[in-house]
Amino acid sequence: MKLVIRILLFLHIFIGLGAMAGGLAAILDPMKPLGIGVEALHGYFDSFFIPGLFLFFVLGVGNLLCAYLFRFKPLEQGYTSGFIGAVLVFWIIIQCIILRTVAALHIIFAVLGVIQGGLALAILTIKRKFPMNIILNILGK
């Protein structure tokens, strides 16, 4: 269990800091963050400002908040980690649709989001928390 928590804690900090850096770049230079022109958005947004806010606050601050919650609410960690992992996966899918491309970083962060979700399920299974307690009872374990 300690290894699962340590890996998940590392992932939250790594993803959170990376998302805050990327989001800040989009907020400070919404027309061409990190050298990507606004034309890459294909008309979905006028600038990178709104996606930058989402990236900074939801994925950046959200992941760091999940890491912080390990200290105070370890039993609820399966829920918060699973939620933020799912948000990351959906963010990457939507980003690939908007940008009309799939880059190596998209694949890497989608896999990290899936890993977050899997580790969250592991915590829920080990602690026999909802919904895993019901599934384990049905399976007779």
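The values are calculated or read from the model by the stated rules, or taken from the named source; none is laboratory data. Here the structure is a predicted model, which is why all the values come from computation and not from measurement. No Cβ is skipped: glycine too gets one built from the backbone with ideal geometry, and neighbour counts run over all protein chains shown. Keep in mind that these areas ignore ligands, DNA and RNA; they rest on the heavy atoms of the full protein, side chains included. Shrake-Rupley method; radii C 1.70, N 1.55, O 1.52, S 1.80 Å.
Return the total of residues in region 25-48 being open to solvent by 80 Å² or more (accessible area, probe 1.4 Å), hydrophobic (A, V, I, L, M, F, W, C) and either closer than 15 Å to residue 84 by Cα or modelled with pLDDT of 95 or more (or both).
Residues flagged as open to solvent by 80 Å² or more (accessible area, probe 1.4 Å), hydrophobic (A, V, I, L, M, F, W, C) and either closer than 15 Å to residue 84 by Cα or modelled with pLDDT of 95 or more (or both) within region 25-48 amount to 2.
Does residue 84 qualify as being within 29 Å of residue 44 (Cα to Cα), part of a helix (DSSP H, G or I) and either open to solvent by 40 Å² or more (accessible area, probe 1.4 Å) or among the acidic types (Asp, Glu) (or both)?
Working: within 29 Å of residue 44 (Cα to Cα): yes; part of a helix (DSSP H, G or I): yes; either open to solvent by 40 Å² or more (accessible area, probe 1.4 Å) or among the acidic types (Asp, Glu) (or both): no.
No; evaluated as a whole, the condition is false for this residue.
If you scan region 5-60, which residues turn out to be part of a helix (DSSP H, G or I) and small (Gly, Ala, Ser)? Give the steps one after another, and end with the answer.
Let us first name the residues in region 5-60 that are part of a helix (DSSP H, G or I), namely 5-28, 33-35, 38-41, 49-60.
Listed by number, the residues that qualify are 16, 18, 19, 21, 22, 23, 25, 26, 35, 40, 52, 60.
If you check 112, 121, 105, which single one turns out to be open to solvent by 70 Å² or more (accessible area, probe 1.4 Å), in contact (Cβ under 8 Å) with a residue 40 or more places away in the chain and either assigned to a helix (DSSP H, G or I) or in contact with a Gly (Cβ under 8 Å, 6 or more places away or on another chain) (or both)?
Details: 112 fails: open to solvent by 70 Å² or more (accessible area, probe 1.4 Å); 105 fails: in contact (Cβ under 8 Å) with a residue 40 or more places away in the chain.
Selected residue: 121, the only one of 112, 121, 105 that is open to solvent by 70 Å² or more (accessible area, probe 1.4 Å), in contact (Cβ under 8 Å) with a residue 40 or more places away in the chain and either assigned to a helix (DSSP H, G or I) or in contact with a Gly (Cβ under 8 Å, 6 or more places away or on another chain) (or both).
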